[in-house]
1. Restricting to helices (runs of 4 or more DSSP H) lying wholly in segment A:1-91: which have 1 or more residues that are touching a residue at least 12 places away in the same chain (Cβ under 8 Å) and β-branched (Val, Ile, Thr)?
2. Does A:SER58 satisfy being at pLDDT below 90 and under 27 Å from A:GLY220 (Cβ atoms)?
3. Out of all the residues in segment B:37-53, is one or more in a helix (DSSP H, G or I), within 19 Å of the chain's Cα centre (by Cα) and farther than 16 Å from A:ASP270 by Cβ?
4. Within segment A:214-228, can you find the residues that are out of contact with any strand residue (DSSP E or B) (no Cβ under 9 Å at 6 or more places or on another chain) and charged (D, E, K, R)?
5. When B:GLU121 is evaluated against the numbered criteria (1) more than 12 Å from chain A (Cβ to nearest Cβ); (2) in contact with a helix residue (DSSP H, G or I) (Cβ under 7 Å, 6 or more places away or on another chain); (3) in a helix (DSSP H, G or I), which criterion, by number, is the only one it fails?
6. Looking at the structure I just gave you, is B:GLY135 at pLDDT below 95, surrounded by fewer than 16 Cβ atoms within 10 Å (Cβ to Cβ) and assigned to a helix (DSSP H, G or I)?
7. One residue is enough: does segment B:102-111 have a residue meeting the conditions outside any helix (DSSP H, G or I) and either buried (at least 17 other Cβ atoms within 10 Å of the Cβ) or within 14 Å of another protein chain (Cβ to nearest Cβ) (or both)?
8. Looking at A:GLY172, A:GLY198, A:GLY162, A:GLY114, can you tell me which residue is of a type in the set (Gly, Ala, Ser), within 30 Å of A:THR243 (Cβ to Cβ) and touching a strand residue (DSSP E or B) at 6+ places or on another chain (Cβ under 7 Å)?
Amino acid sequence: MGLIRKIAVATIALGGVGAAVLWFLSAPSRLDTAAMAAIGAGDTTRGERIFWAGGCTSCHARPKSEGPARLELAGGLELKTPFGTFVAPNISPHNEDGIGTWTVDDFANAMMRGVSPDGRHYYPAFPYPSYTRMKPEDVADLYAFMKTLPPVEGRQPGHRLGFPFNIRRGIGLWKLLYLSDQPVVAVGDTAPENARAGQYLVEGPGHCGECHTPRQFTGGLKKNQWLAGAVAAEGDGIVPNITSGEGGIGDWSESDIASYLETGFTPDFDSVGGAMVAVQRNMARLSPEDRAAIAAYLKAVPPHPNGYPARRPEASKN
Amino acid sequence: MRKLIFAISALALAGTAALADPIADRQALMKSNGKAAGMLAPMVKGEKPFDAEVVLAALTTLNQNAQKIDVAVLFPAGTDKGGDTTASPKIWEDMSGFQAKMDKFKADAAAAVAAPAKDLEALKAQFGMLGQNCGGCHETFRVKKG
């Protein structure tokens, strides 16, 4: 066997091994079933709190719906991102078109592992990289609450993504890099007690970091700029810096932050805008204690300067 | 007579000058709205006692500002850029939707000033109702910039 041939064979063999390793590594991994089974049935009242903290309705209600229709999780919102357009699916408890037939185990695997009941990866446009930090009992409570919502007919069209993002298996490798159920930042010992409760709400169900933290070109969050603000992933403009660093909200008191989440007004009486409007409406439904906890955590996170480039002066029309 | 014509011309000129910069004008209106909200919020939060006079003054300002908004004048085509505007291009893509938000704000502000809150509970409701207009419009029609 000539040298070139040997090299070729070795390359193919190595390539084969590499492909096998990638295939193995990218396999969807499910939660431990026994652990989930031990949690039992969730509580709908506690689940409602998690529902508003998680803001499911912001993406999964029909776009522009108002009032009670916000609880009809028919999907349809389009997220236009650099990776393509994601379409929020129907997650109402409809047996054919929604998630009506899902078990609590199916639901927990979707929320905490980003894996569908038929064993495929979900795209992280669904913010399971945050939900993976949730307590399984909170996930079970949310499941119980979502069962009480009205079932809605009708499926949404699939995502529209270009190569290579349309290959779901690739998400398995992405998860190896970015999916972690560990806390993002260390809340210092000097932080008030409720900052830890706030950390759970912000880093877990609230998934604040998904928009407020800049991303790498791979779509992974730059955790060393946690909550520093970012160029908006879809649409124009920016998502603000909510740390106490330069450009952030260092001059807001805890009560300013809690009040903003309740009323939608900043300390200088500008109003909430953009995608945060829907989020703030959800936050207004939390208890004052939960809003105060979120505020305490935000005051305790490491300060960063803005995670987005400074605004360029716009060219004049003349 | 000559004086009158002069006065009218001067007024007309001043009017034109004031409207020459729609971006600055609409921003001034929004700032004024913010100030009015700032008069009401401390009462709603319980930081200041309820004061019917302050409530009326704030609602009057809000209503005057609201009625001043003429979309064609304040948001003419081409003013999606320039200055430090944070107006979203969606205003011009969906002018009728934008106009509908403005009409609602005008109606709500007029209704509020016609029946100003007489006590704290009523003010909370009124403040909430008016405040929905701010976020309701900024949700779609304003872009947050750095």
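The values are calculated or read from the model by the stated rules, or taken from the named source; none is laboratory data. Because the structure is predicted, anything quoted here is derived from the model rather than measured. Every residue, glycine among them, receives a Cβ derived from its backbone with ideal geometry; neighbour counts consider all protein chains shown.
1. Result: A:33-37, A:44-54, A:56-60.
2. Against the criterion (at pLDDT below 90 and under 27 Å from A:GLY220 (Cβ atoms)), A:SER58 does not qualify.
3. no
4. Selection gives A:LYS223 alone.
5. It is condition (2) that B:GLU121 fails.
6. No; evaluated as a whole, the condition is false for this residue.
7. Among the residues of segment B:102-111, not one is outside any helix (DSSP H, G or I) and either buried (at least 17 other Cβ atoms within 10 Å of the Cβ) or within 14 Å of another protein chain (Cβ to nearest Cβ) (or both), which makes the answer no.
8. Testing whether each residue is of a type in the set (Gly, Ala, Ser), within 30 Å of A:THR243 (Cβ to Cβ) and touching a strand residue (DSSP E or B) at 6+ places or on another chain (Cβ under 7 Å) leaves just A:GLY114.
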